[in-house]
Amino acid sequence: MSISRQPSWKAVFGLSLLTAGAVLVHGYHPFAEDAEIYLPGVERILHPELFPVGREFFLSHASLTFFPNLVALSLRVTHFPLETGLFLWHVASIFLLLLACWELSGLFFQNARAQWGGVCLVAALLTIPVAGTALYIVDQYLNPRNLAAFAGVFMVARMLEKKYVRALLWLVFAACMHPLMWVFPFSFCVLFLVMQRFEYLWRGKAALAGLLWFAIPVAPPSSAAYHEVARQHGYFYIQNWQWYEWLGIVAPLLLFLWFARIAPHRQWSQVERVSRAFVVYGFIYVITALVVDLPARFETLARLQPMRCLHLLYLVMLVMMGGFLSEYLLKNKLWRWLLLFVPLCSGMFLAQRSLFPASAHVEWPGATAKNPWAQAFVWIRQNTPVDAVFALDPDYMNIAGEDETGFRCLAERSRLGDRVKDDGVVSMFPPLAQVWWAQVQAQTPWKSFSTADLTRLKHTYDVNWVVLQQPGIAGLDCPYQNGAAQVCRIP
């Protein structure tokens, strides 16, 4: 069966079914994990009175991307509620990523079965970890990385078609969405074009050093507070990766070498060229990661996270793997497709349930929260003053059953800095380190806090509310509590 590179209505319908299936398999948690960093920027554009305290912990990111402006504008134009708009954006980002992979797969393979095989494998593995980078292919919530992901794949596809103006437009969109993730598809495209221009260098086994485009800037000095942040983000430093995370680097590069070797015999010219380029691409970024990782004086440069290059590499690898499997193993046998994808999707589903055991697998817009911590945060949003300032356990997102639900983005109230997400912001923006460290220390040791400690927080930071894990602290006025949490006024 011949392939199509322009989606027909049947292709759109098929991609829509895959998108729906992907959401059901991988789940949806709109206020989880890094949503605590990205969503407050959207909420503050829609409601400028929000977050009178602590806004620096999310505006640092928001100032480098048009993501919050784009999402807020869409909500104002459509008049959708926030949760509905976020869900539709999330679904659209998955659909567009699958569409981009479908088009890329069509450039690699000569028949529709292989083209769809690549897309199906990506859809089944959206939440697979990308080696030791702390990234998924697509997160379970809307964020700028998801939008930059499909833009990057579209950019590579347009570059392979030699439609450079369109590729540039996708580059601009990706750069507007995420200040870092656009670098990787751009650098790959530059490398690919250089290798095509000087292909004889590859054939002649010339040195690869001349292909290095990444210039190491001067590292800013590292403070004691920033060193504490860096210590908590071991995945920034490739020397801290476990053996299986290193395998997540080596195995894909070996796979690309194998694809480059077999592709000429199958007339997969684009597979051969792209595979060769990804071998060099991966090699260059590994060397770069070692350069910014091993010398202590480059500690603050590690926040650039050069190994995030693996995100694009994994996406293209899955497209090629899916195409190859469907062509030479699955073929037109339905039972073979089911034998591969049913266990694969089941495993991904169970993995996501284990990550968010106390929450609904798909947190539909407008549905009542199942998670008791989320219930407490929703009560806060509906029943406390907009200018209220809260204190919580700095490690509250790691409490069993909390499911990494973000307070700031769900409660829409100010809080003091935490150790789980705000330190991630500090790792990218070192000038915030001293402010963050002082707030965290003021809330330590949280589990031993008394009423006097809370009063001290009130005098130092104007904190007037606190969220406590049950059984809480005796003697406080707590207008809301459930089996997991209490919301209390500080006297």
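The values are calculated or read from the model by the stated rules, or taken from the named source; none is laboratory data. Keep in mind it's a predicted model, so treat the numbers as computed, not measured. Cβ: placed from backbone, ideal geometry, glycine included. Neighbour counts: every protein chain shown. Surface areas here come from the heavy atoms of the whole protein model, side chains and all, with no ligands, DNA or RNA. Shrake-Rupley method; radii C 1.70, N 1.55, O 1.52, S 1.80 Å.
Okay, here's what the table says:
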read-out: Residue match in region 270-291 (condition: free of Cβ contacts under 8 Å to residues at least 12 places away in the same chain, more than 15 Å from Ser187 (Cα to Cα) and polar (S, T, N, Q)); value: no
read-out: Unique match (being open to solvent by 40 Å² or more (accessible area, probe 1.4 Å), at pLDDT 65 or above and part of a loop (DSSP other than H, G, I, E, B)) among Pro179, Pro221; value: Pro179
read-out: Residue tally, condition over 13 Å from Met307 (Cβ atoms) and not small (Gly, Ala, Ser), over region 242-256; value: 7
read-out: Residues of region 446-457 satisfying the condition of being within 22 Å of Phe57 (Cβ to Cβ) and open to solvent by 70 Å² or more (accessible area, probe 1.4 Å); value: Arg456
read-out: Number of positions in region 21-37 that are closer than 16 Å to Gln352 by Cβ and assigned to a helix (DSSP H, G or I); value: 7
read-out: Enumeration of residues in region 35-69 that are aliphatic (A, V, I, L, M) and either free of Cβ contacts under 8 Å to residues at least 60 places away in the same chain or within 25 Å of Asn464 (Cα to Cα) (or both); value: Ala35, Ile37, Leu39, Val42, Ile45, Leu46, Leu50, Val53, Leu59, Ala62
read-out: Lone qualifier among Asp403, Asp418, Asp422 - being in contact with a Ser or Thr (Cβ under 6 Å, 6 or more places away or on another chain), closer than 28 Å to Val362 by Cα and buried (at least 16 other Cβ atoms within 10 Å of the Cβ); value: Asp403
read-out: Some residue of region 138-157 being of a type in the set (Ser, Thr, Tyr) and in contact (Cβ under 8 Å) with a residue 24 or more places away in the chain; value: yes
